[in-house]
Amino acid sequence: MSEQIIKGYIVKKNNYQLNDEIVTILDENGWLISFISLGSRKITSKNGRNLFLGNYCECEIFMSRTENKLSRLKKCHAIKQKDWRLSNIEPFNLLCECINKTNTNGKINFIFWTKLLDLILKNEYSLKQLNLIIMQKFCILNGITLEVNKCIVCGSRMLKTISFKKHGMVCNIHYDPKVEKAYTLEETKLFHYLFNNEYKKTGAFAPSFDFAIKLLKEYIDINLGIKLETLFKY
């Protein structure tokens, strides 16, 4: 094993055996690196005090040279520590799940993580608004989106509703009631503002948040094959 120093955010932890953990770090180049941390679940562990989800850490790792063998943590130092209570917030756990399930690689992942983590910490939006924003950004990160300013078929500005099958708004002519549902004006407007990045305006449609989260969760599942388990209650 060769020793390597890696800086990044702790984005996933799983208990392993009695006192160990499997830890995943998102490095500054946007790559996910997993390693075993021996004994870090013990109260006396120095590494364990630094390995909180969301912490920005410098890790000394013995890197494995074989695919079927995990790298091993030597020492971890938290450069930036987040409040441990962050792990109790649903949007933060959703963000962790999204970064661990993304189909993309590279610096764009690091930018996605840092920008949305900052947004969560600013506390400007409700928890359900944050869920919607994270999912919208996750769609874009993975190459899918909804056209919300014109009919996805003909470009008309005379819009009827949103079509998740067609990936955007449709006009009266291209809305097919046999295979598509006509969503309410409030639901349609919510997606219009969400996918135009006008997040503050989505606050006017709070009664539709739960339904919108459910729809967007299904959209991600159908088009990306990714099930967001954090949102199990929707």
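The values are calculated or read from the model by the stated rules, or taken from the named source; none is laboratory data. In this text the structure is predicted, and so the values were computed from the model without any measurement. For neighbour counting, all protein chains shown are included, and Cβ atoms are generated from backbone atoms with ideal geometry for every residue, glycine included. In case anyone asks, the SASA skips ligands and DNA or RNA and just uses the protein heavy atoms, side chains included. Shrake-Rupley method; radii C 1.70, N 1.55, O 1.52, S 1.80 Å.
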**Asked** In region 188-234, how many residues are out of contact with any Phe, Trp or Tyr (no Cβ under 9 Å at 6 or more places or on another chain) and either open to solvent by 40 Å² or more (accessible area, probe 1.4 Å) or not in a helix (DSSP H, G or I) (or both)?
**Response** 13
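Yes or no, residue by residue, for (1) at pLDDT below 95; (2) of a type in the set (S, T, N, Q):
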residue	(1), (2)
ASN142	no, yes
LYS150	no, no
GLY155	no, no
HIS167	no, no
HIS174	no, no
PRO177	yes, no
TYR193	no, no
**Prompt:** So which pairs qualify, if the first residue must be in region 87-115 and touching a residue at least 12 places away in the same chain (Cβ under 8 Å) and among the polar types (S, T, N, Q), the second must be surrounded by fewer than 16 Cβ atoms within 10 Å (Cβ to Cβ) and not in a loop (DSSP other than H, G, I, E, B), the Cβ gap must be under 8 Å, and the two must be at least 6 apart or on different chains?
**Reply:** ASN93/SER87
**ASN123 vs. criteria without any contact (Cβ under 8 Å) to a residue 12 or more places away in the chain and either surrounded by fewer than 21 Cβ atoms within 10 Å (Cβ to Cβ) or out of contact with any Lys or Arg (no Cβ under 7 Å at 6 or more places or on another chain) (or both)** = yes
**Request:** Among the residues of region 91-112, write down those that are closer than 16 Å to LYS13 by Cα and either more than 11 Å from the chain's Cα centre (by Cα) or of a type in the set (S, T, N, Q) (or both).
**Result:** ASN93, ASN100
**Item:** Checklist (1) open to solvent by 10 Å² or more (accessible area, probe 1.4 Å); (2) under 19 Å from GLY30 (Cα atoms) applied to ILE99, failing item
**Value:** (1)
**Complete:** So, first residue free of Cβ contacts under 8 Å to residues at least 60 places away in the same chain in region 207-234, second residue outside any helix (DSSP H, G or I) and of a type in the set (Val, Ile, Thr), Cβ within less than 6 Å, six or more apart or across chains; the pairs are none
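Would you mention how many residues in region 8-32 are open to solvent by less than 80 Å² (accessible area, probe 1.4 Å) and not aliphatic (A, V, I, L, M)?
Of the residues in region 8-32, 11 are open to solvent by less than 80 Å² (accessible area, probe 1.4 Å) and not aliphatic (A, V, I, L, M).
Among the residues in region 10-17, are any in a loop (DSSP other than H, G, I, E, B) and at pLDDT 95 or above? If you could, list the steps in order and put the result at the bottom.
Initial filter on region 10-17 (in a loop (DSSP other than H, G, I, E, B)): 17.
Now restrict to residues that are at pLDDT 95 or above: none.
Scanning region 10-17, I find no residue that is in a loop (DSSP other than H, G, I, E, B) and at pLDDT 95 or above, so the answer is no.
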**Item:** Single residue of region 33-86 satisfying the filter (polar (S, T, N, Q) and open to solvent by 80 Å² or more (accessible area, probe 1.4 Å)) that is farthest from ASN100 (Cα to Cα)
**Value:** THR44
**Prompt:** Which ones in region 8-41 are basic (Lys, Arg) and within 22 Å of THR66 (Cα to Cα)?
**Reply:** LYS12, LYS13
**Message:** Going residue by residue through region 123-139, is there one that turns out to be of a type in the set (Val, Ile, Thr) and over 25 Å from the mean Cα position of the chain (by Cα)?
**Reply:** no
**Request:** Inspect all residues belonging to region 28-48 and state whether any of them is touching a Lys or Arg at 6+ places or on another chain (Cβ under 8 Å), of a type in the set (Asp, Glu) and assigned to a strand (DSSP E or B).
**Result:** no
